[in-house]
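For reference, the structure is listed below as structure tokens.
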Amino acid sequence: MAQGRRLCRRCERPLTTCYCELITPQTSSWPLRLVQHAAERAHPRGTARIAQLSLAGLSTHEVADDEPFHPAESDALDWVDAVLIYPTDHPAEQSRDIEELKGRAPRPIVFVDGTWRKSKAIVLGSPLLRSLPRYSFQATSAPRYRVRKAKRPDFYSTLEAIVAVLNTLEETDTYSQLLEVMDAMVESELAFRAAGNQPTPER
Ligand SMILES: [Zn+2]
């Protein structure tokens, strides 16, 4: 196996592009639930991995195609009073601004990690997710993640969504550090390709 292909066990990136030393553990007051499509977990340039390594209090729930998401009964309490971060593209589907929850008692915040199409299928296929109140966020900048094809010009990566929501709810900028890790991952991936390597393959 070529040197460039050996993977770090923690960030699961090729060793030459490992970003683990940049990870700074943080604990958010608001608990996070990540419902992740199985293909996203295997994607070497998925951004959610950075959140998983950085944020205590984030739990991940993996779903496969055609498998409606439902939490295990033993985890039911983890979903009480949860809200879903889900940008709507349909005028009839109202979502509220996450700003409204600022200063309120923390509730579980649910993010769906997948391509635009898969995320939509996950939400539509899950009675629980469909029942949650939907919130959207105002990003302070344009999407900055640029090593995967943008599905839509306004499509933010999962990590960008998590950072924007936590910064808003906790009235801080401290979570922006995670975007610096993402930027470093992007830079190292581009350098990796510039050195003549193929994009990091999916596992
Ligand atoms: Zn690593």
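The values are calculated or read from the model by the stated rules, or taken from the named source; none is laboratory data. Treat the numbers as computed from the prediction; the structure is a model and nothing was measured. For neighbour counting, all protein chains shown are included, and Cβ atoms are generated from backbone atoms with ideal geometry for every residue, glycine included.
For region 33-40, the count of residues that are outside any loop (DSSP other than H, G, I, E, B), within 16 Å of the ligand (Cβ to nearest atom), crowded, with 17+ Cβ neighbours inside 10 Å and at pLDDT below 95 is zero. Name the one entry in Arg49, Arg33 that is charged (D, E, K, R), in contact with a Ser or Thr (Cβ under 8 Å, 6 or more places away or on another chain) and under 19 Å from Leu178 (Cα atoms). Residue meeting the stated conditions: Arg33.
So that you can scan it fast, the table gives a plain yes or no per residue for (1) surrounded by 12 or more Cβ atoms within 10 Å (Cβ to Cβ); (2) modelled with pLDDT under 95; (3) under 28 Å from Gln138 (Cβ atoms); (4) touching a Cys at 6+ places or on another chain (Cβ under 7 Å):
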{"position": "Glu62", "(1), (2), (3), (4)": "yes, yes, no, no"}
{"position": "Asp81", "(1), (2), (3), (4)": "no, no, yes, no"}
{"position": "Pro87", "(1), (2), (3), (4)": "yes, yes, yes, no"}
{"position": "Pro91", "(1), (2), (3), (4)": "no, yes, yes, no"}
{"position": "Ser95", "(1), (2), (3), (4)": "yes, yes, yes, no"}
{"position": "Ile98", "(1), (2), (3), (4)": "yes, yes, yes, no"}
{"position": "Arg107", "(1), (2), (3), (4)": "yes, no, yes, no"}
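Of everything in region 157-171, what is outside any helix (DSSP H, G or I) and more than 12 Å from Ser29 (Cα to Cα)? Give them in sequence order. Correct list: Ser157 only. When Gly57 is tested against the conditions (1) within 18 Å of Leu132 (Cα to Cα); (2) touching a strand residue (DSSP E or B) at 6+ places or on another chain (Cβ under 9 Å); (3) outside any loop (DSSP other than H, G, I, E, B), the lone failure is (1). Criterion first (out of contact with any strand residue (DSSP E or B) (no Cβ under 9 Å at 6 or more places or on another chain), modelled with pLDDT under 85 and closer than 24 Å to Thr17 by Cβ) does Arg148 satisfy it? Answer is yes for this residue. Among residues of region 1-27 that are over 13 Å from Asn197 (Cα atoms) and within 8 Å of the ligand (Cβ to nearest atom), those with a beta-carbon under 6 Å from a residue that is modelled with pLDDT under 90 and of a type in the set (Lys, Arg) at least six positions away or on a different chain give the pairs Leu15/Arg6. Can you confirm whether Ser54 is of a type in the set (Gly, Ala, Ser), more than 16 Å from the ligand (Cβ to nearest atom) and either buried (at least 17 other Cβ atoms within 10 Å of the Cβ) or more than 18 Å from Ser126 (Cα to Cα) (or both)? Criteria not met by Ser54.
Within region 160-186, the set of residues being surrounded by fewer than 20 Cβ atoms within 10 Å (Cβ to Cβ), of a type in the set (Asp, Glu) and either at pLDDT below 90 or more than 17 Å from Pro44 (Cβ to Cβ) (or both) comprises Glu170, Glu171, Asp173, Glu180. Out of (1) within 16 Å of the ligand (Cβ to nearest atom); (2) of a type outside the set (S, T, N, Q); (3) over 17 Å from Tyr175 (Cα atoms), what's the single condition that is false for Phe69? It is condition (1) that Phe69 fails.
Is it the case that some residue within region 62-77 is under 23 Å from Asn167 (Cβ atoms), of a type outside the set (Val, Ile, Thr) and touching a helix residue (DSSP H, G or I) at 6+ places or on another chain (Cβ under 7 Å)?
Checked region 62-77: no residue is under 23 Å from Asn167 (Cβ atoms), of a type outside the set (Val, Ile, Thr) and touching a helix residue (DSSP H, G or I) at 6+ places or on another chain (Cβ under 7 Å).
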